Structure formats: structure tokens, C-alpha cells
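Written out below as C-alpha cells is the structure these notes cover.
The values are calculated or read from the model by the stated rules, or taken from the named source; none is laboratory data. Note that the structure is predicted; figures quoted are calculated from it, not measured. Every residue, glycine among them, receives a Cβ derived from its backbone with ideal geometry; neighbour counts consider all protein chains shown.
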Amino acid sequence: MSPRQAPVRDVAPTVQRLRLRYAKRGRLRFSSHRDFQRAFERALRRAGVPMAYSQGFNPHPRVSYANSAPTGTASEAEYVEIAVTAMLDPEKVRLALDTALPPGLDVIEVVSSKTSDFIERLEASVWELELPGVSVKTARSAAEALMAAEEVMVERLTKNGIRTFDARGPVVAVEVPLPATPADPGGDSPEGGIHSPEEMADCAIMRLVVRHVTPSVRPDDVLVALRHVANLVPPVPVRVTRLAQGPLVADVSGQTVLNAVTDPFAADRG
Amino acid sequence: MTASILPGETSSALLVNALSDDVQSVFPELERLLPLVSKPVQYVGGELNAVIKPWNDVAVHWALMYPDAYEVGVPNQGVQILYEVLNEREDVLAERTYAVWPDLEKLMREAGVPQFTVDGHRPLGAFDLFGLSFATELGYTNMLTALDLAGIPLHAADRDERHPLVIAGGHAAFNPEPIADFIDAAVLGDGEQAVLLISNVTRDWKAEGRPGGREELLLRLARTGSVYIPSFYDVEYLPDGRIRRVAPNKPGVPWRVSKHTLMDLDEWPYPKAPLVPLAESVHERMSVEIFRGCTRGCRFCQAGMITRPVRERSAETVAKMVDAGLEKTGYEEVGLLSLSSADHSEIGLIAKGLADRYEGTETGLSLPSTRVDAFNIDLANELTRNGRRSGLTFAPEGGSERMRRVINKMVTEEDLIRTVATAYGNGWRQVKLYFMCGLPTETDEDVLQIAEVARRVIETGRKASGRKDIRCTVSIGGFIPKPHTPFQWASQLDHESTDARLRKLRDAIRNDREYGKSIGFRYHDGKPGVVEGLLSRGDRRVGAIIERVWSAGARFDGWSEHFNFEAWMLAAEGALEGHVVDVDWYTLREREYTEVLPWDHLDSGLDKDWLWEDWQDAVEEVAVEDCRWTPCFDCGVCGQMDTEIQVGPTGATLLGMPALPSRGGDLVAETSS
Ligand code: SF4
């Protein structure tokens, strides 16, 4: 018998592309990108989304993932694009996928794609760091020291060995709000927060705007930089949440950190 | 409207409110440790179809453990079935717990975080019942870690009413004597009805105000005749170390404890909503069990012996379970599970029916079967109509025809070669052949014959396929004599001889110029088999070894990177000091007909005399036929259990199934132009 060829299928053509914003909350922040991919592709099947598939022996649904937040980091702003074979109602898809995903992986918004260059629009992220055991005063002076530095070189182990890069340059802005303005806990886990009230009394919140560069500078890297410039060493693991991703406003100065990054779906909503 | 976009069963509302009562989640404490360990997602739960109930809404609380890592434990069918059967009951809740890796164990000890369930993250010590499913004996040390982390005394004798009852199940529970000190009870056989029975007894006892304390509860369980309570039996030994007798020490406790057999699988179509973990697991597919038991009678096979008689699930129920499960899980692949799946009397109908039904979808079907015949290939071909034909596995088990007569695996070399050649001819590129080494009466020649078989397989396969790039992998497992099998009396081959024999085989394959390069060879060294053999056929004296080696740090013994043979031998030496027995006595020694075996008081339904005769037939190289196709050979299971072998076509077809829902009909935009 001759070698088996990949069957040529009648693959239904892509009719529509949908862009999704989802959140990774609570205990599910410990899921990795691969964990999410598997869960998402199963959810697509459970929800009956008519996916466009690739050709070949192992056809896979056409899904593109953008800069996922690292394992252990919560996020309110993760983005995915899917290709489907029928014109769908974005809100119905949102509801169906949100129901099919486990609680903690929550689909927040779905839009029908009207534009290209979506990934390029994700210019920067807003990160929120909860620093238990660190006072607002200490956090502020560390933030000032960081911004005062020209560059802060840090090392990270990557697939290609240890890389050294500047963790200061991409940091566009930092802000440490006063405790009087309680931070949005960012959709908490049902079990409640990680930190007891006593700790919260001494738990500074630091918000960062970080430009997306290569290699990417993650909140971990900024924490290392804070240790270098200000000897800031939080006594308990820091809890990190990505609050937003999107285009960076032209002039950051005078903006609050939360306004520095705008909605990447703005163009698609039109 | 299809149900597929409204999978309402896993309500997130349930999850949110569940934990605001008596037994608090330890998640906040655990959460601080998770950034510091590898693969933290395995400890957070949140599987699709998981259930969390409010603690105070139910009378009986079960914690179920598969005592291995999450990635291995979470797909386990036994635990998933019991989890669902129990949670369906209004007065019961069940949560799951798995072994934590040493990195987290260390942090938990430092921070005082107890062993927890992954559902509600409740502390294990708070539950009424702690059920463990032992697929293998190598999970014993992980049980001790869990008990210790939970603050439950290791010894049953030291526990009181504050502690859960520790209950062992699974295949290893057919000889629980090595862990008799650590468990309160053991259950033999199918768990579905057994866990409900135990739940009821426990509920009533609690409702009555726990009369007579823990002992009374155990006594009530013992009196059912089907729950084994080790502490209610005394074991006496002869001066030479053998057992004199095992006798009940309480009135009303039966001399023998019987196994549970679920007769109608169609009435118990579990799991209905299989758990889908977020973390990667060893089985990224859904499984549907198509029958239990096996009548082939391979003499080494404990699973085949202790799960008799055969009970089939009907084609119709199988099809319904596949449909429902796919919808509930979103899995892309379905495995049709059983000990020997090609033996289902309606397997042709099932395979064709499912292949037709899912043709053109992305759903894959697989049928774990290792039967060495052409029918098996037909089935595999059917299930891979559109897919890739990567690998097929056959299990002749014995290398020589003589060996196959000894183990009762009836296939001639000619049949074997022809079957495998047919597989290559049908487009399969990779064939795996599974054999055992160390079988009773085996010689070097029997094992070297494996090389000859592999050579002929490649030679014939090249002709049949017209290709040179076909491959065959020879995979070898060490034989371990198991309780309740005809080989329970046999001597286990020592690990030095096992390794030496396998080296000779490896050399014979490697040195073959013509075919050697097309033959892969996989085997493990014989040392872990010694420990498994010790734990399989051990008695209560072996418990001290387990405790000692655990204290010395043994964990995850089923993982080669964690298994430490020297530590086990050292522990055995220390624990058996002053006894007349040692590891060799447990493993290498052949037993006599008259010897009282540690598991004789546990009734697997097999008649001991029948097993002995079969053992004698084995030594004389006499094979017996499959009792489903030929007159019954009276193993004892059917008569005694008042059961008939349930086989034979029901005549049903899959045509009665409703058509598959079309995809995404409900998601379409209504106003799209
Ligand atoms: S076919 Fe043989 S080895 Fe396989 S399950 Fe049945 S008895 Fe066991």
C-alpha cells in the first residue's frame, strides 16, 4: 500500500474573525499559557463555535494568542483572535465561551474584527503589584529611584540561556497610590485574598506602565530592578495583575497610569 | 436549542458560596506557597465538572485520593466514578486529593499547611472518610505522606473519633496486608455500591450520636461481610515464618470478606461528566469503559482474574456515554476502555457505529487493545478511517510458544507474524510488541526467542508493506507474581538474573545486521520489581518496612527518578531484624499448596483449588480456552456469585441515536446581512 496522504478536506472558509478579551483571575492565575490554550480549545468545542480549521493530518482550529501574562500572574486584559466559518453574534459567543470555561477564566468582551495590525496595537501593559509588608513610603521612594535611573540591567534565564537586558527603559510610568484609594482587587478568588487585613495595612500597591519590547520586560524583571536600585525585597510573594493592554497615549506625563493605555478594541467597535 | 452552549451542571454560583461555613478552605495559606513550587496549577483545582458542596448541607464527607501526582491521578476512572456517584447523593459530598511533590511538601511542613483537597481546599483531617484507590502498591509511601501532612496518626490503632476512617480500594486492596497497620478498612472489587453502603452506615451511626465510637462504626462495616477491617483479624505465624492462621477476633466478624461486583453496567453509566483539568495530564482524552472483567485467563494477570466475571455495557449505552461525555468535556478523543476491548461481543458494531457517527468531525476514537489477531487490526483500521495510522500494540507476552502455553496466552508464532505483517500492510508504520521477562519456568532461550520474533516481524512486514522504513519496538516488563492468580505460588526471578537475561536479548537484537536497526528495545532494570513483588505478596510484617523507608524519605516510588532501591533494602533489613523472614523469602520463594497465604481470607471469587490446578497446568504447559467461547472451566466466580457471564449481542444498533447537533447554530448573528 502506498504511503497515506493527509486527507484533503472540504474545509469551510473563514467568514469572520472575532477578537476576545478575557481575564485570568484568582486561583486560575497559576495556569500557564499552555493550560489556557488547551482549556480554550476545549471550550470552543463545548460551546459549538464553528471554527475554521487548518489543513493536514492533525487539523487544528485557527486561534491566535497575543502576549500572554506569565504563569502566576493574574490578568484582566488577555487577548485572543479566532477565525470562524459563519457570521456570529459576538455577545452570544462571549456568553457561550464564558460558560464553557471554568470560573476564573472569564471572557469579558468579544468584538468582530474590522481592522488588521491588532497585535501591533498592544503597545504596552499596565501592571499592578501588591507588595505585602512594604509601606507606601518605601514603595514610593523605590519607584522614584527606579525612574531616576537611566537603565537597570537585569538577568533572566530564557530558553537560550541567561540574557541580560535593561528593565528600566521600557517602564514608561510608575505610580504608588495612597492607601485611601483602595485598589481594585481585580476580580478576586472565591477564597478571598492572599493577605490578611493586618498585612494590607502595610501593603503598598504599585502600578506600572511597561512598553512591550523584545525581550519582554515582565513585572518580575522590574522587581529585580527595584531590588538593584532601592534594595526593595518584599517579604512575601508579590501578587501581580495585568490591568490593561493597548495603545500607549502620546504623552504619558500628567496622565494617571490607568489612562496611559487605551482600549485596543476601539477601532473594531466603530 | 442544543444543550451544548448551556452546560449548566457546573454552576459557578455553587463555587462561590460553598466555603463560607464550618470547615474553612486552606487556600489562602497555600496560595503563598504556590509561587515557589513547580507547576502550581496542579494544586488549584478548578477542573471542569468539579463539584463543591457546602460542608454543612450533607451528613457524610468523603475525601478521595489517587496516591500519585495530580497529572497521573486526575484522569483515573475509578476516582472519577466514585466522585460522581457520591456527589450525586444529597446527603454526601466527595472531594479529591492527590500526592504533593516534595517541593510543596517541604513548604507545607514549614508553613503548617495540611494536606488539602483540590476542590474546596479543605483539610483532609476534617473529612469522615478518606478513600484511597491503589492501582499499584507503589503508592503506599504517598499515602503515609498524606496522612502525616493531614495530622492523622499513621497507625490506625492511634486514631480516634476526630480522625477520618482510612479506606483502601483498587486492585492492590486485594492484598492490603502490608498496609494493614495504616488503614482502617479495605474494600475489594467495584466501588460504586460499596461507597454508598459505607456512606449509609456512617450516616446512620453519626445520626444516632456515634454510639460506641469508632470501633462500633468499624464493627458495623465489618458485619456487612464486604468491608475488611484488618484490626478485627489476628494473624499467627509458624516458627518458620509462614502464617499459621488468620482469624477474626470479634463476634460477628466474618471469616472471609467478599468482593463487590457491579452486575449491570448500563445502570451505572459513570462518569457522566468526566473531569477536565486545566493542567496537563497523562490522558488528554475521555474514556468510556465498555466492559469489566476478562475471561482470557492469562495466568500472570491479576486484573483479569480479580475482575471476573465479564460484564458488558451495551452498545447503546456506550454510544450515549460517548456523546454525553464529549459534550460535557470538549475533549477531541475518546478511548473505549476495558482490559481487552476487542473482546466486547458487539465491538464491531460499536466501532463502526461511532466511526460513522463522528466521521467528518475532528473527534478521534481509540481502542486500547493488544489482542494478537487480524480482527484487532480491522477494528483499528475502522477507528482511524481518516486519521493517521501511527502505532499499534500487540501483547504476545511470552517470547516462545512454550512460554505462551505456560502463561495461557494462546497465539502461535505463525499467527503472530501474520497478524503483524497485516498491520504493516494496512499502512501502520510502527508496531509495539509487549513481552514479559522472568515468567515461571522461563529460560534464556525463551527470552532470546523474542529477538527471533522481532526479526521475522520486520522481515515479513517489509515484504507486506513494500517499505524499508517500518519499525517495531519490543517492550519488556518484569513479571511479578500477584495474589489471586495461578502464579501466586510462583518464585519471582531475582533482579540480577532478570537484568542478565535482558542484556543477552538486547545484544541479540543489536547485533542483527539486517534487521536490528528497525527494532527498538525498551526495558527497565529489575530492581523496582523486587519492591513491587515484596509489597504485592507481603504480609503484615512488611508494614514496618514501608514505614521505615518512608521515614527515610521514600516518596513517589512509581517514578524512576524518585525510586531508591537501596533505601528500600536498608529499611527491609532494619524492619525485619529478628524475624526469620527477609526480602528473598517474600519474593524468590515458591509457595506450597498447604501454605496459608496472607490474602486467603479475602475472597476474590476465585476458587483456590482451581487456581492451584491452573498453576499445575501452567508448569505442565497446558493451555485452557477462553471461557466465553468454550465450555466454562469452573474458576468459581460465576457459580459462587450467582452471576452469569453477560455477553452476547443485544441486537441493538446505534441507529436509534439522535443526529449530532450541527455546530454553532445558536451562535449565529441574527441580523447579519
Ligand atoms: S487478555 Fe489476558 S492479560 Fe489481558 S486482561 Fe485478559 S487476562 Fe489479563
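Using the structure shown, decide if B:Leu365 is buried (at least 18 other Cβ atoms within 10 Å of the Cβ) and either more than 14 Å from the ligand (Cβ to nearest atom) or among the hydroxyl-bearing types (Ser, Thr, Tyr) (or both). So B:Leu365 passes the test.
Any residue at all in the range B:413-433 that's assigned to a loop (DSSP other than H, G, I, E, B), among the hydrophobic types (A, V, I, L, M, F, W, C) and free of Cβ contacts under 8 Å to residues at least 40 places away in the same chain? Step through it out loud before you land on a result.
From the range B:413-433, those assigned to a loop (DSSP other than H, G, I, E, B) are B:426-429; that's our starting set.
Adding the requirement that they be among the hydrophobic types (A, V, I, L, M, F, W, C) leaves B:428.
With free of Cβ contacts under 8 Å to residues at least 40 places away in the same chain added as a condition, the list becomes none.
No.
Whenever a residue of the range A:31-47 is crowded, with 22+ Cβ neighbours inside 10 Å, its partners that are among the polar types (S, T, N, Q), lying with C-beta atoms within less than 8 angstrom and at least six residues away or across chains, give the pairs A:Ser31/A:Thr71; A:Phe36/A:Ser68; A:Ala39/A:Ser31; A:Arg46/B:Ser4; A:Arg46/B:Thr329; A:Ala47/A:Thr99; A:Ala47/B:Ser4. Determine, yes or no, whether B:Gly665 is over 26 Å from B:Pro483 (Cβ atoms), within 14 Å of chain A (Cβ to nearest Cβ) and modelled with pLDDT under 95. Judged against the criteria, B:Gly665 is a match.
If you go through the range B:336-343 one residue at a time, do you hit one that is within 28 Å of B:Ala69 (Cα to Cα), in contact (Cβ under 8 Å) with a residue 60 or more places away in the chain and within 16 Å of the ligand (Cβ to nearest atom)?
yes
The residues on offer are B:Arg385, B:Arg405, and the sole one that is basic (Lys, Arg) and within 16 Å of the ligand (Cβ to nearest atom) is B:Arg405. Under 7 Å by Cβ, and 6 or more places apart or on different chains, what pairs join a residue from the range B:291-303 that is touching a residue at least 60 places away in the same chain (Cβ under 8 Å) and more than 14 Å from chain A (Cβ to nearest Cβ) with one that is near the ligand (Cβ under 6 Å from one of its atoms) and not hydrophobic (A, V, I, L, M, F, W, C)? That search, which allows pairs on different chains as well, returns B:Arg296/B:Gly304; B:Arg296/B:Ser340; B:Gly297/B:Gly304; B:Cys298/B:Gly304. Return only the number of the condition from (1) at positive phi; (2) within 22 Å of the chain's Cα centre (by Cα) that B:Thr393 does not satisfy. With respect to (1) at positive phi; (2) within 22 Å of the chain's Cα centre (by Cα), B:Thr393 is out only on (1).
I'd like to check something: does the range B:350-359 contain any residue that is over 26 Å from the mean Cα position of the chain (by Cα) and either hydroxyl-bearing (Ser, Thr, Tyr) or within 15 Å of the ligand (Cβ to nearest atom) (or both)? Checked the range B:350-359: at least one residue is over 26 Å from the mean Cα position of the chain (by Cα) and either hydroxyl-bearing (Ser, Thr, Tyr) or within 15 Å of the ligand (Cβ to nearest atom) (or both).
The residues in the range B:368-382 that are in contact (Cβ under 8 Å) with a residue 40 or more places away in the chain, within 16 Å of the ligand (Cβ to nearest atom) and of a type outside the set (Asp, Glu) can be counted, and the count is 3. The one condition from (1) within 16 Å of the ligand (Cβ to nearest atom); (2) charged (D, E, K, R); (3) touching an Asp or Glu at 6+ places or on another chain (Cβ under 7 Å) that B:Glu312 does not meet is (3).
Taking the range B:326-335 on its own, how many of its residues are more than 16 Å from the ligand (Cβ to nearest atom) and within 21 Å of the chain's Cα centre (by Cα)?
In the first step, residues of the range B:326-335 are kept if they are more than 16 Å from the ligand (Cβ to nearest atom); the result is B:326-334.
Now restrict to residues that are within 21 Å of the chain's Cα centre (by Cα): B:333-334.
Total meeting the criteria: 2.
Applying the condition of being buried (at least 23 other Cβ atoms within 10 Å of the Cβ) and among the aromatic types (Phe, Trp, Tyr) to the range B:258-309 and asking which residue is nearest to the ligand (Cβ to nearest atom) yields B:Phe300.
The C-beta contact set for the range A:85-111 (first residue over 17 Å from A:Gln16 (Cβ atoms), second residue among the hydrophobic types (A, V, I, L, M, F, W, C) and not in a helix (DSSP H, G or I), distance under 7 angstrom, 6+ apart or interchain) comprises A:Asp98/A:Val107; A:Thr99/B:Leu6; A:Ala100/A:Ala47; A:Leu101/A:Val107; A:Pro102/B:Leu48; A:Pro102/B:Leu278; A:Asp106/A:Ala23; A:Ile108/A:Ala23. For the condition of a type in the set (D, E, K, R), over 28 Å from A:Arg17 (Cβ atoms), more than 10 Å from chain B (Cβ to nearest Cβ) and touching a strand residue (DSSP E or B) at 6+ places or on another chain (Cβ under 8 Å), what is the one hit in A:Arg168, A:Arg156? Exactly one residue qualifies, and that residue is A:Arg156.
Taking the range A:19-62, which residues are hydroxyl-bearing (Ser, Thr, Tyr) and more than 10 Å from chain B (Cβ to nearest Cβ)? Spell out how you get there, then give the answer.
So the first thing to find is which residues in the range A:19-62 are hydroxyl-bearing (Ser, Thr, Tyr), and the list is A:22, A:31-32, A:53-54.
Within the range A:19-62, A:Tyr22, A:Ser54 qualify.
The rows are residues; the columns are (1) within 13 Å of the ligand (Cβ to nearest atom); (2) within 25 Å of B:Ala355 (Cα to Cα); (3) more than 26 Å from the chain's Cα centre (by Cα); (4) modelled with pLDDT of 90 or more.
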position	(1), (2), (3), (4)
B:Glu397	yes, no, no, yes
B:Gly425	no, yes, yes, no
B:Lys432	no, yes, no, yes
B:Pro440	no, no, no, yes
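The requirement of being free of Cβ contacts under 8 Å to residues at least 60 places away in the same chain and farther than 15 Å from A:Ser216 by Cα is not satisfied by A:Asp166.
If you go through the range A:109-155 and keep only what is hydroxyl-bearing (Ser, Thr, Tyr) and surrounded by 23 or more Cβ atoms within 10 Å (Cβ to Cβ), you end up with just A:Ser125.
Do we find a residue being over 23 Å from A:Lys24 (Cβ atoms), assigned by TED's automatic domain parsing to the domain that holds A:Val213, touching a Pro at 6+ places or on another chain (Cβ under 6 Å) and assigned to a loop (DSSP other than H, G, I, E, B) anywhere in the range A:119-133? Within the range A:119-133 (the criterion being over 23 Å from A:Lys24 (Cβ atoms), assigned by TED's automatic domain parsing to the domain that holds A:Val213, touching a Pro at 6+ places or on another chain (Cβ under 6 Å) and assigned to a loop (DSSP other than H, G, I, E, B)), the answer is yes, since at least one residue qualifies.
When you scan the range A:180-190, do you find a residue that is more than 14 Å from chain B (Cβ to nearest Cβ), surrounded by fewer than 22 Cβ atoms within 10 Å (Cβ to Cβ) and modelled with pLDDT of 90 or more, even just one? Within the range A:180-190, none of the residues are more than 14 Å from chain B (Cβ to nearest Cβ), surrounded by fewer than 22 Cβ atoms within 10 Å (Cβ to Cβ) and modelled with pLDDT of 90 or more.
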